[in-house]
Structures are given as structure tokens and as C-alpha cells.
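Here is the structure we will look at, set down as C-alpha cells.
The numbers here are math on the coordinates, done by the rules we state, and not lab data. Just so we're clear, the structure is a prediction, and the values are computed from it rather than from any experiment. Here the Cβ positions follow ideal geometry from the backbone for every residue, glycine too, while neighbour counts run over all protein chains shown.
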Amino acid sequence: MLACVTTLMLSYTILELNHEKQGQRMVAASHAEKVAAKRQELLEAWKASQQFTLKIVDQMPDEYFGFKYTPEAMSFAEQWRHCAIFTCNQLAGRFELDDNPYADKSQRPPVQMDKASVIAELDKMYHYVFEKIEGLPERDLYAPVDFAGDTFPGWRLFYAMENHIIHHRGQCVVYLRLKGTVPIGYLGW
């Protein structure tokens, strides 16, 4: 009888341990799924950003890429140059990355560029962002980041950078209108 009770207790303990391990695997799997879902959400937002940005850039005739609505304003090309450099600098700096394509100031693009050059710089920026979304260690995605007087999880920095691009893309929509081009409608997410 004692042997049966001992066997039952041992079996119960093994079942508990197996159940506990399964629960840990389920938590780990659901956590991994949440991280993957966050990466996918960010990729989708940035791919929509890329699509809309390139459509706005493509609408401006090449001869107006140097256009400024006032002498102190950035030109149409400068708006996009600024977005590329700022975005990569912020991501590299805040996440302490050493692969910033704009770290060497002597390798930065000229202030005035033609359409093809602006598109090339934007492609470089978006490629860098996609690479960081996909490859940034999970700890960095969720670690606190200080930005603009606030502290939030690293993944939110990607949205802050997209918000910055939205600001400049909106300015560029005005540039298009000032040059007689009716901008395409908003594409959304």
C-alpha cells in the first residue's frame, strides 16, 4: 500500500512538473509571439510610410527639388535629407548602434539633391529602419529610451521617428501645392 501511495505521489509530482514546464513554454511562446507581433506592426507602419513618402517625392518635378517657400526654409530635397539623417542618427544613438550610415559627416549626402538622389537616400533610411525593426535585440525593443523629455519603451522610438517623417511629409505636401501639383490622397496604414 505504501508503495502505491508513493508511486501515486511521485506520478502526481511528475505531472505537476510537466504541467508547470508546459505553462512556462506557453508563456514563453506567447511572449515570443507578442514580440514578433510588435515587430510586424512596426514593419507594416514603416512600409506604409515608405510607400506614401515615395509617392509624395515622386510627384515633385525634378526641377523643383531645390524649391524653398522662403529663403530660411529647407528646400524640398533638404526636407527628405533631414528625415533620413535624423532618423538614422536617433535610432543609432538611442540604441547605441555602431552601424549608422550617416555617422561620418563627410559621407552625408549634399544639401541639394535631385529626385534620384533623394529617393536613394530615402531607400537607404527605410532599409536601415527595416533592418533595425527586424534585428534589434528584444531587450532594446523594450528597454526605456529617453526622447524629447519623455521615457518610453524602445519600440515607441520607431513611432516617434515616423511621426517626425509625417511632419516633414506634410510640409512637402504644401511644397507640391505651391508648385501647382495636387498631392495624392492619404494612403493610410
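For the reader, a short list of remarks on this structure follows.
- Close amide H contacts of residue 145 (hydrogens built in the peptide plane, cut-off under 5 Å, sequence separation of 5 or more or a different chain): 152, 154.
- Derived scalar couplings between HN and Hα for segment 31-39 equal 5, 4, 5, 5, 5, 4, 5, 5, 4 Hz in order, rounded to whole Hz, by the Karplus curve 6.51 cos²θ - 1.76 cosθ + 1.60 (θ = phi - 60°), x for Gly and Pro.
- Spacing of the two label points (7 Å from each Cα toward its C-beta) at residue 54 and residue 120, in nm: 1.6
- Listed values for segment 83-97 are Karplus-derived 3J(HN,Hα) couplings in whole Hz (6.51 cos²θ - 1.76 cosθ + 1.60, θ = phi - 60°), namely 4, 4, 5, 4, 4, 5, 4, 5, 5, 5, x, 6, 9, 6, 9, and x replaces Gly and Pro.
- Distance between modelled label sites at residue 150 and residue 97, nm, 7 Å Cα→Cβ extension: 2.1
- Residue order, fewest to most surrounding Cβ atoms within 10 angstrom, among 85, 165: 85, 165
- Counting neighbouring Cβ atoms within 10 Å and putting the fewest first, the residues 177, 169, 156 line up as 177, 156, 169.
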